[in-house]
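The values are calculated or read from the model by the stated rules, or taken from the named source; none is laboratory data. On a predicted model such as this, the values are computed, not experimentally measured, just so you know. Methodologically, a virtual Cβ is constructed for each residue, glycine included, from the backbone with ideal geometry; neighbour enumeration extends over all protein chains shown. The area values use the complete protein model at the heavy-atom level, side chains included, leaving out ligands, DNA and RNA. Shrake-Rupley method; radii C 1.70, N 1.55, O 1.52, S 1.80 Å.
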Amino acid sequence: MISLFFTFMKIGLFTFGGGYAMLPLIQRETVENKKWISDEDILDIVAIAESTPGPIAINAATFVGYRVGGFLGALAATVGIVLPSFVIITAISFALVKFQDVRWIRFAFNGIRAGVLALIVKALWMMYKQSPKGIIAYLIMLGAFLVTAFLPVNVVFVILTCAAVGIARALIVSRRDKG
């Protein structure tokens, strides 16, 4: 377990560029250097890691760890790959808190916020263009907005309710079209 932890910690610490950049290092360390799994195993693990929710490198580390050491192996590999980023981001956040009153840092964050808002609005516009239009869709959208904006409701319940309304509408329409 210790070897799993330190192997994945090294990968997490020295890899930049995101999860896909980590995959060759995961393959080299786990297949070639440690011989924990085979090349065929790593291909299967990457395919599974790509198809499951979450960052691909973390998913791959979890699956490799599980293959090598069961639940504790999965835990060791996952913590190992996540820990370096967690520590670095935590340190940066403390540094930012210390310098948050510096004028140019405030201006930089205002610019970042504006950029993020623009990206969110763009994503919203793209989703709107691809969504079906109609009175029911607009009512679902309005209801979801009002509930999430003005009530302390967990968004998971809003999403599930919207899905249920969409399914109910589809069932009603299909029955009406058949009859």
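Note down the accessible area of residue 1, probe 1.4 Å, to the nearest 10 Å².
110
With a 1.4 Å probe and every protein chain kept in, tell me what percent of the accessible surface of the chain is carbon plus sulfur. Don't jump to the answer; show the numbers that get you there.
On the way: 9360 of 12820 Å².
Answer for the chain: carbon and sulfur cover 73 percent of the accessible area.
Out of every Cα-Cα pair in the chain, what percent are more than 21 Å apart?
Details: 10708 of 15931 pairs.
The proportion of pairs with Cα distances above 21 Å equals 67 percent.
Span-like helices, the chain: DSSP H, alpha-carbon axial extent 27 Å or more, mean Kyte-Doolittle 1.6 or greater, which ones?
For the chain, where a helix must reach 27 Å along its axis and average at least 1.6, the hits are 56-98.
Go through 10/122; 98/122; 133/178 and tell me which ones have a Cα-Cα distance over 31 Å in this structure.
10/122; 98/122
If r is the Cβ-Cβ distance from residue 118 to residue 150 and R0 is 30 Å, what FRET efficiency results, to the nearest 0.05? Walk me through the numbers on the way to the answer.
Working: r = 25 Å, r/R0 = 0.82.
Here the calculated transfer efficiency is 0.75.
What is the distance, in nm, between label points placed 7 Å from the Cα along the Cα-to-Cβ direction at residue 29 and at residue 85?
Placing both labels 7 Å along Cα→Cβ, they lie 1.3 nm apart.
Under 10 Å, Cα contacts only: if you run a Gaussian network model on the chain, which one of 64, 97, 165 comes out with the highest mean-square fluctuation?
165
So how much slack lies between residue 71 and residue 167, counting 0.36 nm per residue of separation and subtracting their Cα-Cα distance, in nm?
Full extension from residue 71 to residue 167 adds 30.9 nm.
Quick one: order 36, 125 from most to least accessible surface, probe 1.4 Å.
Putting 36, 125 in descending order of accessible area: 125, 36.
How large are Rg and Dmax for region 62-153 when only the alpha carbon atoms are used, in Å?
Considering region 62-153 through its Cα atoms, Rg and Dmax are 21.4, 53 Å.
Suppose all protein chains stay in the model; what accessible area per residue would a 1.4 Å probe give for the chain, in Å²?
Each residue of the chain exposes 72 Å² on average to a 1.4 Å probe.
PRE reach from residue 177 (point 7 Å along Cα→Cβ): which of region 118-161 fall under 17 Å by backbone N?
Flagged as within label range: 132-137.
Given the whole protein assembly as supplied and a 1.4 Å probe, what does the accessible area of residue 103 come to in Å², nearest 10?
150
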